[in-house]
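Contents: one structure, followed by commentary.
The values are calculated or read from the model by the stated rules, or taken from the named source; none is laboratory data. Just so it is clear, the structure is predicted and the values come from calculations on it, not from any experiment. Cβ placement follows ideal geometry from the backbone for every residue including glycine, while neighbour counts extend to all protein chains displayed.
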Amino acid sequence: MKLLETVNGALLSDASIRVRDNNYHYFALTAKDKKFLEWVKKILERFGIHNTYLVLNSKLTNVFTLGFYMNKCSSKELLLLRENWYKKINGKTVKVLPKDLRLTPTTLLFWYLGDGSLIRRKNDPNRVPFIVLATNNFLKEDIDFLIQKLKDLGLNFYPVKYKSGFTGKSCSYCLYSKTQDGTPFRFFKFIGFECPKEIANCFTGRKGKYGELKLFKDKWPTEEDWIKILSNVKIGKILRKRRLELGLTQEQLARKVGIRRENVRDVELEKKCLGVANFRKVLNALDLNIYDLLKNF
């Protein structure tokens, strides 16, 4: 991780840069779980940021704030962030995207931690889960800019009008990932297949119709989610290697699964993907653990 990448990722989500009357700039990141901010605090300290403070911002909502004064830091890049991330439009200061913003694994990770989620359709056992990234009421031109930046990484997202899971009110746009082109797999390959273990059990808040408590680890796929995600990824070479290790022919595997040999051949040649139902059967027939499978990438 790098300092600027971490701060930029946080600014894409819930962080802000504020200005005091004496022209002091200070970075502020809010969260509901103090332990999450303590984890971020340790990361900042590794970068030499030792003037941080962590306070309860609101007793009514139990929101905590982690901050530090940027003018007291030696990094010149930090001092330019306020100018790059904010501008005045019609007399009002608004948050904008720097034109030189790079979506690195660290930047995308912190954006996802703050303003991302993995949406599962409980009423459809074969539906691939999709990723949602909130765009923080950015201007439409900035949203288009983010979509292109993601596309440059091989990640395909599209804008959708969004309502807050907390308030139910319209919150501009969110970016929804495509699912049938392997974007969810490539996204987690980019930021990490597992949630950082230090914050896995930290909570992000209560969302949804019944106010269900959500944890950071809920943002990452479960074993069942991975089966659905990988069913749309061309992994024929890995499956072929495992089939040969077990001494099975394509015909024998096809009979075990209940599909045609030509289907096995096309999957192994990575001309096509398996559907969710058949992918489950292939995993069972080849005695493959989904997490062992992920280690091959």
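Residue by residue through segment 140-151, note down the ones that are under 16 Å from the mean Cα position of the chain (by Cα) and of a type in the set (D, E, K, R).
Answer for segment 140-151, where residues must be under 16 Å from the mean Cα position of the chain (by Cα) and of a type in the set (D, E, K, R): 149, 151.
Looking at 122, 87, can you tell me which residue is in a loop (DSSP other than H, G, I, E, B), without any contact (Cβ under 8 Å) to a residue 12 or more places away in the chain, more than 14 Å from residue 7 (Cβ to Cβ) and more than 16 Å from the chain's Cα centre (by Cα)?
Exactly one of 122, 87 is in a loop (DSSP other than H, G, I, E, B), without any contact (Cβ under 8 Å) to a residue 12 or more places away in the chain, more than 14 Å from residue 7 (Cβ to Cβ) and more than 16 Å from the chain's Cα centre (by Cα), namely 122.
Residue-wise test of (1) surrounded by fewer than 21 Cβ atoms within 10 Å (Cβ to Cβ); (2) assigned by TED's automatic domain parsing to the domain that holds residue 39; (3) closer than 30 Å to residue 274 by Cα; (4) of a type in the set (D, E, K, R).
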position	(1), (2), (3), (4)
115	yes, no, no, yes
136	no, no, no, no
142	yes, no, no, yes
145	yes, no, no, no
194	yes, no, yes, yes
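Across segment 160-180, which residue is modelled with the highest pLDDT among those that are part of a strand (DSSP E or B) and more than 16 Å from the chain's Cα centre (by Cα)?
Of everything passing the filter in segment 160-180, 160 is modelled with the highest pLDDT.
Do you know which residues across segment 17-30 are in contact with a Lys or Arg (Cβ under 7 Å, 6 or more places away or on another chain) and either in the same structural domain as residue 113 (by TED's automatic domain parsing) or free of Cβ contacts under 8 Å to residues at least 40 places away in the same chain (or both)?
28
Name the single residue that is surrounded by the most Cβ atoms within 10 Å (Cβ to Cβ) among those in segment 85-112 being in contact with a helix residue (DSSP H, G or I) (Cβ under 8 Å, 6 or more places away or on another chain) and among the polar types (S, T, N, Q).
Across segment 85-112, the extreme among qualifying residues is 107.
Quick one: would you say residue 111 is assigned by TED's automatic domain parsing to the domain that holds residue 52, among the aromatic types (Phe, Trp, Tyr) and closer than 26 Å to residue 28 by Cβ?
no
Which residue, of 14, 33, is under 25 Å from the mean Cα position of the chain (by Cα), outside the structural domain of residue 143 (by TED's automatic domain parsing) and more than 24 Å from residue 101 (Cα to Cα)?
Among 14, 33, only 33 is under 25 Å from the mean Cα position of the chain (by Cα), outside the structural domain of residue 143 (by TED's automatic domain parsing) and more than 24 Å from residue 101 (Cα to Cα).
Can you tell me which residue within segment 219-233, out of those that are in contact (Cβ under 8 Å) with a residue 12 or more places away in the chain and outside any helix (DSSP H, G or I), is nearest to residue 180 (Cα to Cα)?
232
Pick out the one residue from 199, 191 that is at pLDDT 95 or above and over 26 Å from residue 61 (Cα atoms).
After ruling out the rest, the residue left standing is 191.
Quick check on residue 241: is it exposed (fewer than 15 other Cβ atoms within 10 Å of the Cβ), free of Cβ contacts under 8 Å to residues at least 12 places away in the same chain and not assigned by TED's automatic domain parsing to the domain that holds residue 119?
When the stated conditions are applied, residue 241 passes them.
One line per residue, one yes/no per condition, for (1) at pLDDT below 95; (2) under 24 Å from residue 200 (Cα atoms):
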site	(1), (2)
1	yes, yes
18	yes, no
21	yes, no
37	no, yes
41	no, yes
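Taking the condition crowded, with 18+ Cβ neighbours inside 10 Å and aromatic (Phe, Trp, Tyr), does residue 47 pass?
no
Restricting to segment 181-201, name every residue that is among the polar types (S, T, N, Q), within 18 Å of residue 218 (Cβ to Cβ) and assigned to a helix (DSSP H, G or I).
none
From 143, 147, 131, which residue is within 21 Å of residue 231 (Cα to Cα), aliphatic (A, V, I, L, M) and not in a loop (DSSP other than H, G, I, E, B)?
Of 143, 147, 131, the one residue that is within 21 Å of residue 231 (Cα to Cα), aliphatic (A, V, I, L, M) and not in a loop (DSSP other than H, G, I, E, B) is 131.
Going through segment 26-68 one residue at a time, which ones are assigned to a helix (DSSP H, G or I) and of a type in the set (Lys, Arg)?
Within segment 26-68, 34, 35, 41, 42, 46 qualify.
Return the residue satisfying two criteria in turn: it lies in segment 69-84 and is surrounded by 15 or more Cβ atoms within 10 Å (Cβ to Cβ) and not in a helix (DSSP H, G or I), and of such residues it is modelled with the lowest pLDDT.
Taking the candidates together, the pick is 75.
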